Structures are given as C-alpha cells and as structure tokens.
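Step one of this worksheet: look at the structure below.
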Amino acid sequence: MKLRLVLLIFLFFMLIFIACKDSTDDSDQLPDAPDTPTNVTAVNPDVPDIFLFILIEWSSVSEADEYGIFRSEAGSSSYSLIGTSSTVQYEDRTATTDIDYTYKVKAYNLGGSSDLSDASMEIQLPVIDPYQTAYSQQLDINIANLSNPMSIKFHENNLFIVDRGNHRIIKIDTNDSTTKWLGYNSISTDWHDMTDTNYNLGLGYGQFDNPEDIAFDNSGFMYIADTNNNRIQKISSDGTFIAWLGDDGTDTGWHTTGTTTIGSGDGQFNSPESVALDDNGNIFIADNITLPDRGRIQKFYNNGDHVKTLVSGSASTNPGEFGASISKIYIYNEELYVTDTSNNRIQKFDSDLFYIAWLGDDGTDIDWHVGGTVTAGIGDGQFNMPQGVFVDNNGYVYVTDTSNNRIQLFAANGTLMGWLGTNLANTRDWWPATPSTGYLAKTLADWFSLPTQVTVDYSGNKLFICDNDGPPAIIKVFEIAHW
C-alpha cells in the first residue's frame, strides 16, 4: 500500500516536471524582442511625381518581422502610427505641405516589440511648382465609338467617362482595366460589356439622353445629369435605378415614377449640364434657362428639398452673376467652382452660394478678382469659352480652355502656372506662363480639339483629358515627369 502511494506521488511530480519542462521549452522557442531600429532618415526622393512623398528609411534589424512607422508634427511631442512595412523603408503619402514632420520606427516580432527609435531630422513636404514639370508619354485611352465625352472622374478605383453622344456612362477599373458601360441596350438598363454596341437613348428609368456629368456621394451612389431628359438620376454602384430628381408636373423632388417637366422654376431643370455634391450630401446642379438665356445654379438637400437658386434676370457679366451659358461645376474644400463659359471666367462661391471671386484676366493681371471685368482671348491666363474645371488635392485649378484648345493650370491663389498645348513653334508640352511662350491657334496638328473636362488620378501621376479629336473622340492621358 505504501509502495503504491509512493509510486503515485512519484508519477504526480513527474507529470508536473514534464509540464513545466514543456512550458519552458515553448517559451525558449519564442525569439527575444527585436532591437530598436537605428539610423532613421526621412528624405524627399527624386521621383516623377508632381505630388512628392516623404521616404523614411532605417537600418535593418535581424530579428524583426515587421516595422511600425510613427509620425509627429512640429510642436507636438506625441507620435502616432501611420503605417507598417516589412522592408526597411516606407513612403508617407499622407503628408501635406507647410508642416514639419519627424519620424520614429519600432520593430516587431513574435517575442514582442522594440522601443521607439530616435527621431529622424525634421522634414517638410515640398511644393513643386507645376511649371517645373513636363507632361510626356501620351497614353491615350481609345474607346470604340466614343462620342463627345463631357465629363471624367475617379471614384473608388474606377475611372468614369460620360459618353454623351452614345447616351452612356463608361467605367474602367483601374486595377485590371475591365471596362463596362451603363445605359440602355434596347433590352435592359445595366452595366454592359463593351462588346455590346447597342447603346440607345431613352426616357425610361436608368436610360439616358445626352448625359453630361456624373457625381458621387459618400455611399457610392451615382448622380447623373441626364441632360436632354431634364433630370438628375440617382443610381447605385451596381447599376440599379433609385430615383430621379426634378419636376413630375405635380411637385419637385425625388421621384420613382412619372416623367419630367422642363422649366425655369425652382426644382425644375432645363438641360442640366453639371452636378456636384459636397461632403454633407447637398446637391448642386448647373443648367441654362431660356427667355432670356442665362446660366443658373440650384442647391438641394440630399432628400430632394430645394434650398436656393442662384440666377439673374438676364445674362450678366457682373461678378457673382452668369452669362448666357455655364458648363461644369466642381466642389473643393466646400467651395463651388463654376465655369462661366460665355463670360470666359471661372467663378467661385461658398456652399451657401454666396459669391467669393472670379478667376481670369481683368486687363491688368491674372488672378482671383472680386470686381472688375473680364478680358477674354488667347493670351496666357485668358479664356475662350472654357467648359471644364477641376481642383486637385493641393488646390491647383485646372481649366479646359475649350475654344483655345488647351489646359490652363493655376495655383490656389490664382497665379497662372502654365498651360498644356501647342506653342508658336508647334512644339507640344506643358508651358510656363511667360510672354515669350505664345499660343498657337488650332491646326490639324494641334494636341487638343475642343477639350471638355480634365481630372488627375489619385496618385497625381497622370492627367486625363476628354478631347474631341476624332472621330472617335479620345481620352488623352499624360504622365507627369520632371524636366
């Protein structure tokens, strides 16, 4: 009996010993926490990108599986994680200009993490003047039968083109170049393969008649200016019709049935040319009403309630009023940019449609002006029937100077940076704004033929332009590279 008890006690302690040994062995298999990274640097690399990034690099830590990159702004002692990397470098593309940054790095593995490294030297993202860059390597997007493209925009890794002449919206997936079109093919309204060339105009829901613009809300819904149907259509990303905005003859607002009534009253539309949404989902719509001809902007809440109309009694050259026709509108930083086409200027308003200033030549200089009158023409910074406007993430303003067959670029403060087109020597490039550059009127060899709208991709590496060179029309693409 005593022997059995002794054996049981012995086995009990042996099991404990084995369990402890296994536990010790397991812990021995985990690596030590990695050493702290050293030699952290932050530089502005020489890369072909008009919107430069900050490159952070550090010495390799042999035990590290991954690194965390932390950033601090001048005046702050705290560091926040901005990203991770499995290599010994990281590109900070979220930095903005006019801010001093420092960076620290931490190493990680299964055994834990290191301390934060010493900080890099302070660095600031530089502002590269666009006229110090050249646009080269034309990479045209050729779409069969493209006809009078009026708008081009990026949304959620897709490039959208409003193909007015074919009554459809074209979508190109920027990841794999898959291309579809949205519209009516005599059978259904849906996303169709590009091999389906049976695109037709229509009055039905999800059908279009000469659409001119597209915008998106924060949920991914599309808002399409269905121009000749005098309405704005709201369509989900999968192509499902949701509702249309306009007047059904009884009231204005969103409708799921009925037909549109053209008009110049509040909430009615007369061939709407452009649509834009602000961050709060408010909808801004540009159209041109008649008797007499004049441009108009209307603002709606996202539920379809009319908020305000900006229009004068007749065409006007006064600041804050519009001429006989306006074209595209664009919202940046809660400000509305309007191509006041017939007045040859860009006007800017706040989100409540109160006038701020106009961009162009007042006969004295090229700038944002509060008062004064426009000098139109072919000179640097002058416009001739501009149709499109786009503002990039740095506040630069791109204008499609349509009848001058060029793209003009302005800094946020109104300074003319240069223009893209053909100069007097018949040489095509991005030209600095200098009196000696000159301008060449359109010829058969010209780079553009009545361009309508422009946009820049998310990285800032490419410029996309709707151009009517053809037929067919074409989307001209230029890569940005340093001189």
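The values are calculated or read from the model by the stated rules, or taken from the named source; none is laboratory data. Note that the coordinates shown come from a computational prediction; the quantities given were computed from them, not determined experimentally. Note: accessible area is taken over every heavy atom of the protein model, side chains too, but ligands, DNA and RNA are not part of it. Shrake-Rupley method; radii C 1.70, N 1.55, O 1.52, S 1.80 Å.
For a quick check: with amide H placed at 1.01 Å from N, whose amide H comes under 5 Å from Arg231's, ignoring anything fewer than 5 positions away on the same chain?
Under 5 Å from the amide H of Arg231 lie the amide H atoms of Asp226, each far enough along the sequence or on another chain.
Once phi is turned into ³J(HN,Hα) by the Karplus curve 6.51 cos²θ - 1.76 cosθ + 1.60 with θ = phi - 60°, what whole-Hz value does each residue of region 199-214 show in order, with x for glycine and proline?
Each residue's phi maps through the Karplus curve to give 8, 9, 6, x, 9, x, 6, x, 9, 10, 9, 6, x, 10, 7, 8 Hz.
Once amide H atoms are built 1.01 Å from N in the peptide plane, which residues 5 or more positions from Asn270, or in another chain, come under 5 Å H to H?
For Asn270, the qualifying residues are Gly263, Asn288.
Just check region 240-298 against the gyration tensor rule for me: Cα atoms, a ≥ b ≥ c as the square roots of the eigenvalues, rounded for a/c under 1.5, and otherwise prolate or oblate depending on whether a/b exceeds b/c. Mind dumping the intermediate values first?
Working: a/c = 2.17, a/b = 1.15, b/c = 1.89.
The shape class here is oblate.
Roughly how much of Asp100 is accessible, in Å² to the nearest 10, using a 1.4 Å probe?
60 Å²
Residue by residue, what Karplus-based ³J(HN,Hα) values in Hz, rounded to whole numbers, does region 176-184 have, using 6.51, -1.76 and 1.60 with θ = phi - 60° and x for Gly and Pro?
3J(HN,Hα) across region 176-184, in whole Hz: 10, 6, 4, 10, 10, 10, 10, x, 10.
Go through Tyr332, Tyr199, Tyr205 and list them by solvent-accessible area, largest first, probe radius 1.4 Å.
Numbers: Tyr332 65, Tyr199 35, Tyr205 85 Å².
If we order Tyr332, Tyr199, Tyr205 from most to least accessible, we get Tyr205, Tyr332, Tyr199.
I'd like the accessible area for Tyr90, computed on protein heavy atoms only with a 1.4 Å probe and all protein chains in place. Round to 10 Å², please.
50 Å²
By how many nm would the segment from Ser177 to Thr195 lengthen if fully extended, with 0.36 nm per residue of separation less the alpha-carbon distance? Could the numbers behind the result be given before it?
Values: separation 18, 0.36 × 18 = 6.48 nm, distance 1.46 nm.
Extending this stretch completely gives an extra 5.0 nm.
Just to make sure I understand: if all protein chains stay in place, what is the order of Thr341, Thr309 by accessible area at 1.4 Å, largest first?
Numbers: Thr341 5, Thr309 40 Å².
Sorted by accessible area, descending: Thr309, Thr341.
For region 112-118, take each phi angle, set θ = phi - 60°, evaluate the Karplus expression 6.51 cos²θ - 1.76 cosθ + 1.60, and give the result in whole Hz per residue in order, putting x for glycine and proline.
In residue order, the calculated couplings are x, 9, 7, 6, 5, 6, 5 Hz.
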